[in-house]
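The values are calculated or read from the model by the stated rules, or taken from the named source; none is laboratory data. Keep in mind the model is a prediction, meaning the values are calculated, not measured. Ideal geometry is used to build each Cβ from the backbone, glycine not excepted, and the neighbour counts take in all protein chains shown.
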Amino acid sequence: MNGQTLDGSANEVRIGNRLVGDGHPCFIVAEIGINHNGDIEIAKKLIDVAEAAGCDAVKFQKRTPEACVPAAQRNMMRETPWGYISYMAYREKIELGLAQYEEIDRYCRENDIIWFASCWDEPSADFIKQFGVPCYKIASASLTDDDLLRHTRSVGKPILLSTGMSELHEIDHAVETLGSDDLVLLHAVSTYPAFYEELNLRAISSLRERYRVLVGYSGHETGLASSAAAVALGACVIERHITLDRSMWGSDQAASLEPTGLTRLVRDIRLIEKSMGTGEKKVLARELPMIARLRGKNGHV
């Protein structure tokens, strides 16, 4: 269950061994997604990048192609690293299977980093459940999928719900369907990459006020400043896509952070957290010598 403030809004959620929310460090999620291109060794390198940067968790995307690919798109052809193949064949190539997720689970435990996934369909949620992950993500594209919302909620773990490409009435319905316990909304803009003028970071506080739940930020912009600013505006979770190299093949690579950028973002978030303070205005002990030196008739510079 969420902790609550005096006004009834949620102030913390437990994800694994971490408390996330008011008074706790920002929970930083490195979104690997499908940037592994179906290669477990790339996935492990990306886990290494996230761990070295100081992230709290890595996240994957899990789909069941038969459930997620519309019939009209299955035979559409496209160029891929595996040649000119159908969209359905591509979706099957990009998915990691049981043995690969067992290796991911082992590798993350070995490196003491949390992992979880965005499950795009009910069979995928059941598949991920076997690993005992501490939370689930519901992607913006699935916000209106009531069956998936209810099925994911039935697992009984905290849920991070992205709100990109969603009207308020749709978010209202999703929150009503899920319930507010152990729920974190993620403000997001579903453009890849997003332009800065599209980000609307003030929505972080608007969502918190409207739904009385914790709110984070899932960013798809190319830079760092806006994600760091989101923390100053109250985001308790930051999620960013990561890649080994933006020039790699894949739809999400261009909106992802490379290793150096991710390291800088984590550094900046931790510095911002140190800088926020309590809000109480008072004279610091280290300011007292400056008072003696600079104030009064005899003060001098």
Hits in segment 126-139 (condition: in contact with a strand residue (DSSP E or B) (Cβ under 7 Å, 6 or more places away or on another chain) and without any contact (Cβ under 8 Å) to a residue 60 or more places away in the chain): V133, Y136, I138
Scan of segment 140-161 for residues that are without any contact (Cβ under 8 Å) to a residue 60 or more places away in the chain and not in a helix (DSSP H, G or I), ordered by number: L143, T144, D145, S154, V155, G156, K157, I159, L161
Extreme residue, farthest from the chain's Cα centre (by Cα), among residues of segment 179-191 that are surrounded by fewer than 15 Cβ atoms within 10 Å (Cβ to Cβ) and at negative phi: D181
Residues satisfying the stated conditions in segment 227-269, i.e. closer than 19 Å to A43 by Cβ and part of a strand (DSSP E or B): E239, R240, H241, I242, L257
Only one of I159, I138 that is over 26 Å from P259 (Cα atoms), surrounded by 18 or more Cβ atoms within 10 Å (Cβ to Cβ) and either touching a helix residue (DSSP H, G or I) at 6+ places or on another chain (Cβ under 7 Å) or at pLDDT 95 or above (or both): I159
Identity of the residue in segment 239-255, touching an Asp or Glu at 6+ places or on another chain (Cβ under 8 Å) and among the polar types (S, T, N, Q), that ends up nearest to T163 (Cα to Cα): Q253
Subset of segment 37-62 [in contact with a strand residue (DSSP E or B) (Cβ under 8 Å, 6 or more places away or on another chain) and in a loop (DSSP other than H, G, I, E, B)]: G54, C55, D56
Residues satisfying the stated conditions in segment 1-28, i.e. closer than 12 Å to P134 by Cβ and either at pLDDT below 65 or surrounded by fewer than 14 Cβ atoms within 10 Å (Cβ to Cβ) (or both): N17
From A235, A225, A230, A254, residue being of a type outside the set (S, T, N, Q), over 16 Å from V29 (Cα atoms) and modelled with pLDDT of 95 or more: A225
Contacts under 8 angstrom Cβ, first residue in segment 73-96 being without any contact (Cβ under 8 Å) to a residue 24 or more places away in the chain and surrounded by 13 or more Cβ atoms within 10 Å (Cβ to Cβ), partner part of a strand (DSSP E or B) and among the hydrophobic types (A, V, I, L, M, F, W, C), 6 or more apart: I85/M77; S86/M77; Y87/M77
Selected residue (only one of E280, E176, E197 is assigned to a loop (DSSP other than H, G, I, E, B), free of Cβ contacts under 8 Å to residues at least 12 places away in the same chain and surrounded by fewer than 16 Cβ atoms within 10 Å (Cβ to Cβ)): E280
